[in-house]
Amino acid sequence: MLLAVIRREGVDVPALCEHEAIEPCGSCRLCMVEITKKEWDGWKNHVTSCLYPVEDGLIVSTHTDQVMEIRKTILDLYMARCPGSEVIQKMAEEYGIYKTSYITVPDADNCIMCYACTRICEVLGKSAIAAVERGHRKVIAPPFGDVPPDCIGCLSCAHICPTDVIKWNDEDGTRTIWKKNFELITCKECGKNIISREFADYIIEKREVPAEYFETCDDCKRAEVARKMGSLVTRAKEVSL
Ligand code: FES
């Protein structure tokens, strides 16, 4: 897609809803650019670069006055919808917007409705959360606003959220997200939290990963490999002496 090439060329275009783990859906509209071709006789169009495929001869302008105006309007609207989001505030400030010119959404939760969370959950084969209600009341939530039966506490939704809306907590061996509690597996070497038991079981079943894989954390695994490598080198030195 155009956005990948734009980034490869080191051009800074804002994008919130795009992530390599999910298909682009063009919902945030921030990656808008202007396109034209020599043979289009001056005709131009504005497209979301995350959704537009690269074509031979396409002339792409990322910072025309019109494009900048479109982005400013979108960011102005996001400022009204997400008044508490530092990500949005920082982006908007880069475009010279420090205060929204629209009416701020009361009880705003800073969600931009990009659906990255629901899409990654679907990719994982769970679809534990979805958009509920309509219009300005629409929110992302588990079915019937209840504890989501299909959630496995993987945190993918929280990590992919561009405005950091989805909150979770790990405490005393328990992970809590979407009001659901999960037992945490801890590293048998250092005691660090590794993964929720339900997520580990899911990976063991779907990816045929051995259960022992989750006995130690990545740091301890690396330390163990380093120890083994170190003793091999020492032994090799002793042999050559
Ligand atoms: S990144 Fe392209 S529309 Fe959001």
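The values are calculated or read from the model by the stated rules, or taken from the named source; none is laboratory data. Keep in mind that what you see is a predicted model, and the values were worked out from it rather than measured. Cβ: placed from backbone, ideal geometry, glycine included. Neighbour counts: every protein chain shown. Side chains are part of the model used for accessible areas, which takes the heavy atoms of the whole protein and leaves out ligands, DNA and RNA. Shrake-Rupley method; radii C 1.70, N 1.55, O 1.52, S 1.80 Å.
Loop-located GluC sites (Glu not before Pro) across region 1-103 with a Cβ neighbour count of 16 or fewer within 10 Å are E9, E20, E55, with loop assigned by DSSP. At an R0 of 41 angstrom, the distance between the Cβ atoms of K167 and D65 translates into a FRET efficiency of 0.55.
Computed extension gain for T36 through R222, at 0.36 nm per residue and net of the alpha carbon distance, reaches 61.9 nm.
Of the GluC sites (Glu not before Pro) found in region 159-241, those that fall in a DSSP loop while having at most 12 other beta-carbon atoms within 10 Å are E208.
Taking label positions 7 Å along the Cα-Cβ direction at both A21 and A131, the computed distance is 2.1 nm, reported to one decimal. On the beta carbon distance between L232 and E122, with R0 = 41 Å, the FRET formula returns roughly 0.35. Of all accessible surface on the chain at a 1.4 Å probe, what whole percent is carbon and sulfur? Percent of accessible area from carbon and sulfur atoms in the chain: 52.
Here r is the Cβ-Cβ distance between E94 and H46 and R0 is 25 Å; the resulting FRET efficiency, rounded to 0.05, is 0.80. Using only the alpha-carbon atoms, how far is helix 65-81 inclined from the longest principal axis of the chain? Give it as 0 to 90 degrees, nearest 10. It is inclined by approximately 60 degrees.
Distance from the Cα centroid of region 134-172 to that of region 74-109 is 22 Å (rounded to whole angstrom). Positive end of the dipole of the chain (Cβ unit charges, origin at the Cα centre): among G135, P162, Y102, the Cα lying farthest that way belongs to P162.
Per-residue ellipticity at 222 nm from helix content only, as computed over the chain with -39500 (n - 2.57) for each DSSP H run of at least four residues, stands at -10000 deg cm²/dmol. Specify whether the C-alpha gyration tensor of region 116-220 places it in the rounded, prolate or oblate class, a ≥ b ≥ c being the square roots of the eigenvalues: rounded for a/c under 1.5, otherwise prolate if a/b is larger than b/c and oblate if not. Verdict is prolate for region 116-220. Compute the signed sum of charges (Lys and Arg +1, Asp and Glu -1) over the other residues within less than 13 Å, Cβ to Cβ, of E18. Net charge around E18: +1. Here's the list of aspartates and glutamates a cross-link from K179 could span, going by alpha-carbon distance under 16 Å and ignoring same-chain residues fewer than 8 apart: D146, D150, D170, E171, E198. K228: which lysines have alpha carbons under 19 Å from its alpha carbon, excluding same-chain residues fewer than 8 sequence positions away? Result set, ordered by chain and number: K188, K237. The convex hull around the C-alpha trace of the chain, projected and averaged over every direction, spans 20.2 square nanometres. Beyond 27 Å between alpha-carbons counts as too far, so tell me which of K138/K167; K180/K206; K37/K90; K90/K192; K90/K167; K138/K192 fall in that bin. Among K138/K167; K180/K206; K37/K90; K90/K192; K90/K167; K138/K192, the Cα-Cα distance tops 27 Å for K37/K90; K90/K192; K138/K192.
Accessible surface computed residue by residue for region 116-220, with neighbouring protein chains in place and a 1.4 Å probe, gives 60 Å² per residue. Restricting the trypsin sites (Lys or Arg not before Pro) of region 97-181 to loop positions (DSSP other than H, G, I, E, B) with no more than 14 neighbouring Cβ atoms within 10 Å leaves K99, R134, K138, K167, K179.
If you take all other residues with their beta carbon under 14 Å from the beta carbon of I152, and give Lys and Arg +1 and Asp and Glu -1, the sum is 0. Between the amide H of I194 and those of I185, T186, C187, distances stay under 5 Å, these residues lying 5 or more places away or on another chain, with hydrogens modeled in the peptide plane. In the chain, the longest principal axis of the Cα atoms and the axis of helix 197-207 are about 90 degrees apart.
When you restrict to C-alpha pairs under 8 Å that are six or more residues apart and normalise by the size of the chain, the relative contact order lands at 11 percent.
Taking Cβ atoms as reference points and 12 Å as the exclusive limit, the residues near E224 contribute a net charge of +1, counting Lys and Arg as +1 and Asp and Glu as -1.
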